[in-house]
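Below: one structure, written as C-alpha cells.
The values are calculated or read from the model by the stated rules, or taken from the named source; none is laboratory data. None of these values were measured; they are calculated from a predicted model. Using ideal geometry, Cβ is built from the backbone for each residue, glycine included, and neighbour counts are taken over all protein chains shown.
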C-alpha cells in the first residue's frame with residue numbers, strides 16, 4: 001500500500017469515527033432530553049413537528065435556566081407561603097374564582113422569590129419545565145381553566161381542578177430546598193399535611 005492510499009484510508013477511518021461520535025452524542029442527548037422532560041418532550045415535538053427542532057428548543061431552555069440564580073426559599077418565607085396557601089384555599093368555598101386568581105398570583109410571587117424572571121406565561125412555563133417537568137403540565141392546565149373562566153366557560157368544578165393543579169406546582173416550588181430546582185416528588189403525606197383536601 002503506497003503512502004497516498006494509507007493517508008486516504010486513515011482519513012476515512014477518522015471521518016467515520018468522528019461521524020459515529022457525533023451520532024452517539026446526539027443519541028445520548030436525545031435520550032437525556034426525553035427522559036428528563038417526559039411529556040414536555042412530547043409537547044415540544046407536537047408543537048414543532050420535528051425532533052431536531054424540539055430538542056434544540058428544550059436544550060435552549062436548559063441553557064437559559066442554567067444562567068438563572070435559582071435559590072431555595074428561606075424557612076420564614078416558606079412558612080409564610082404555606083400559611084398564605086392555606087388561607088387562600090379556605091376562601092375557595094365562598095369565592096372560587098378569586099381563590100384561583102390568587103393562587104396564580106401567589107405562584108408568580110414564589111417564582112420571583114426563587115429567582116425565576118417574571119415574563120409572559122409561556123416563557124414562565126418553559127423555564128419551569130427545566131426543573132419541574134412533571135408539574136408544569138398542571139400549571140398549564142390550571143392556566144387554561146383560568147382563561148376559560150374569564151370567558152365564562154368554566155364552572156366551579158373546573159376551578160376546583162385548577163386550584164388542585166396549581167397546588168402541585170406550589171408544593172414543588174415551596175418544598176424544593178435545592179437551589180436550581182429538583183424534579184423529586186413530594187410525598188403524598190406531606191401534601192396532605194400541608195394542604196387539607198378541597199371540599
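For a quick check of your reading: which helices (runs of 4 or more DSSP H) sit entirely within region 5-110 and have at least 2 residues that are without any contact (Cβ under 8 Å) to a residue 40 or more places away in the chain and either on the phi > 0 side of the Ramachandran plot or under 18 Å from the mean Cα position of the chain (by Cα) (or both)?
39-48, 51-66
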Condition broken by residue 151, with the remaining ones in (1) farther than 30 Å from residue 41 by Cβ; (2) touching a helix residue (DSSP H, G or I) at 6+ places or on another chain (Cβ under 6 Å) satisfied: (2)
Out of 111, 45, sole residue that is in the same structural domain as residue 164 (by TED's automatic domain parsing) and touching a helix residue (DSSP H, G or I) at 6+ places or on another chain (Cβ under 9 Å): 111
